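Below is one structure, written out as structure tokens, with a few remarks after it.
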Amino acid sequence: MADRGWSSGPALGRKRKQSDDEMDNVDESDPLQLSASSASAGSRNFPASSLPLPVAGIGRPLLTLQQTKRPRKHPVQGDDEQSDYQIHQRIIAAEQQLAVVPPSLADTLANLEKPDLLNILSQLLRSNPQLTPQISALLPLPTIQSTTSLLATLEKRLSDAFPYSKFGQDRSDYSFNRVRPVLTELKQSILHYLLHFTNPASYPEHIRHEFPATSMSYIHIATTLVHRLPRWDNPERNAEFRTSIYDRLGRALRETVAEISRLVADGKVFGAGTVSEWGKTIASHSEQVGGAHGFGEALYEFKANLGWLINLFPSDREVADYNYANGNGVSASMLYTNQQPRGPGGDSGVGSALGGMSGFACEF
């Protein structure tokens, strides 16, 4: 096998001398020759594992693998304690980042059930009555949608409260006493929201324009519900609930018509379609109650003050009977009963002009 420069003894000495002579003839000012000569000499004197590796860049010194290794850092006394301290600090920092933040009071209240919220609020007001005006001012304004949903819930509770009878609907005093608590709650709710929706002062300035339509809508919804209330065998029970609610609704309807008439006189414009729908609603309810409880007067006043918007006017007979009723203290309830005095034309109350106004629904 050819000699690769790994000989020993005299031959190795001669080769080393030859290498030294070659190095003497190299121009040390030329880095390329110096590097080449060093590589040539080194290749004959060192094993292949320690041969120099080229490094990028001309003129840079060639380094061996052994020369490129960094010296290993030996641990000194105290390194273990310092390392444990740093790990401990990192653990504490991580725990602080993952610390559980308790929910705010608002989030806690939002997750409570409605009865729990009402109980908390009631206890707060009992212990701090001075907070009542402040909490009242924070309450949101009721809407037609929310109020309709509430009244529908109460009406269903009223229906469910009736005792079962195999003979059909029971309208006796026994049934009345069974459902009276729910019926009372329903009546109070109707009248409470009636006061809100039909009072112009309940509407802030930015929603003042919603008053006419919202007021008429609520009166229609509430009156339709009262039409569905049970008729009791005892007339006193009917007067206690149906009649009293009808009277308040009829008075509120007349006040709403008067307010709309005032707005029109001040230049407020309402579409003919809207006015026509209002007229149909008033006429329908007036017919349902026979013109009593103020609904007949409301229909006449609507036609007299707003009818010109849809080309609908009260007749001379209607005007005469209306003036007679108001001038003689005759209520609309009397005008629609057989006990009323005769009008100027000698007609009975049933055939009077006010009584016949409920039939004008088809003319709208």
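Count of the range 158-179 residues, restricted to those that are surrounded by 15 or more Cβ atoms within 10 Å (Cβ to Cβ) and part of a helix (DSSP H, G or I), is 5. Only one entry of Arg208, Arg157 meets the criterion of being among the charged types (D, E, K, R) and farther than 27 Å from Ile282 by Cβ, and that entry is Arg157.
For the condition out of contact with any Ser or Thr (no Cβ under 7 Å at 6 or more places or on another chain) and in the same structural domain as His192 (by TED's automatic domain parsing), Arg317 does not qualify. Scanning the range 230-249 for residues being modelled with pLDDT of 95 or more and aliphatic (A, V, I, L, M) gives a total of 2. Please verify whether the range 261-279 includes one or more residues that are in contact with a Lys or Arg (Cβ under 7 Å, 6 or more places away or on another chain) and either in the same structural domain as Leu158 (by TED's automatic domain parsing) or farther than 17 Å from Tyr193 by Cα (or both). No, the range 261-279 contains no residue that is in contact with a Lys or Arg (Cβ under 7 Å, 6 or more places away or on another chain) and either in the same structural domain as Leu158 (by TED's automatic domain parsing) or farther than 17 Å from Tyr193 by Cα (or both). When Thr143 is tested against (1) loosely packed, with under 10 Cβ neighbours inside 10 Å; (2) at pLDDT 90 or above, only condition (1) is not met. Scan the range 97-140 for residues that are in a helix (DSSP H, G or I) and either surrounded by 10 or more Cβ atoms within 10 Å (Cβ to Cβ) or in contact (Cβ under 8 Å) with a residue 60 or more places away in the chain (or both) and the total you get is 16.
When Ala213, Ala222, Ala201 are checked against the criterion of being under 29 Å from the mean Cα position of the chain (by Cα), touching a residue at least 60 places away in the same chain (Cβ under 8 Å) and surrounded by fewer than 16 Cβ atoms within 10 Å (Cβ to Cβ), Ala213 stands alone in meeting it. Within the range 109-156, can you find the residues that are touching a Leu at 6+ places or on another chain (Cβ under 8 Å) and not hydroxyl-bearing (Ser, Thr, Tyr)? Matches in the range 109-156: Leu109, Leu117, Ile120, Leu124, Leu125, Leu131, Ile135, Leu151, Leu154, Glu155. Is one or more of the residues making up the range 235-248 farther than 22 Å from Leu151 by Cα and surrounded by fewer than 21 Cβ atoms within 10 Å (Cβ to Cβ)? Yes, the conditions are met somewhere in the range 235-248. Tell me which residues, restricted to the range 192-214, are in contact with a Leu (Cβ under 9 Å, 6 or more places away or on another chain) and either in a helix (DSSP H, G or I) or of a type outside the set (Val, Ile, Thr) (or both). Correct list: Tyr193, Leu194, His196, Ser202, Tyr203, Pro204, Ile207, Phe211, Pro212. Does Gly271 satisfy the criteria of being at positive phi and not polar (S, T, N, Q)? No.
Taking the condition of being under 40 Å from the mean Cα position of the chain (by Cα), among the charged types (D, E, K, R) and in a helix (DSSP H, G or I), how many residues in the range 225-241 meet it? Step through it out loud before you land on a result.
Start the filter on the range 225-241 by keeping residues that are under 40 Å from the mean Cα position of the chain (by Cα), which leaves 225-231, 238, 240-241.
Filter again for among the charged types (D, E, K, R), leaving 228, 231, 240.
Right, trim to in a helix (DSSP H, G or I) and you get 240.
Residues meeting the conditions: 1.
One line per residue, one yes/no per condition, for (1) farther than 21 Å from Ile221 by Cα; (2) under 29 Å from the mean Cα position of the chain (by Cα); (3) not assigned by TED's automatic domain parsing to the domain that holds Asn238:
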position: Val101; (1), (2), (3): yes, yes, yes
position: Asn119; (1), (2), (3): yes, yes, yes
position: Ser149; (1), (2), (3): no, yes, no
position: Lys156; (1), (2), (3): no, yes, no
position: Gln169; (1), (2), (3): yes, no, no
position: Arg178; (1), (2), (3): yes, no, no
position: Ile190; (1), (2), (3): no, yes, no
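The values are calculated or read from the model by the stated rules, or taken from the named source; none is laboratory data. Since the model is a prediction, treat every value here as computed from it, not as a measurement. Cβ atoms come from the backbone with ideal geometry, glycine included; neighbour counts cover every protein chain shown.
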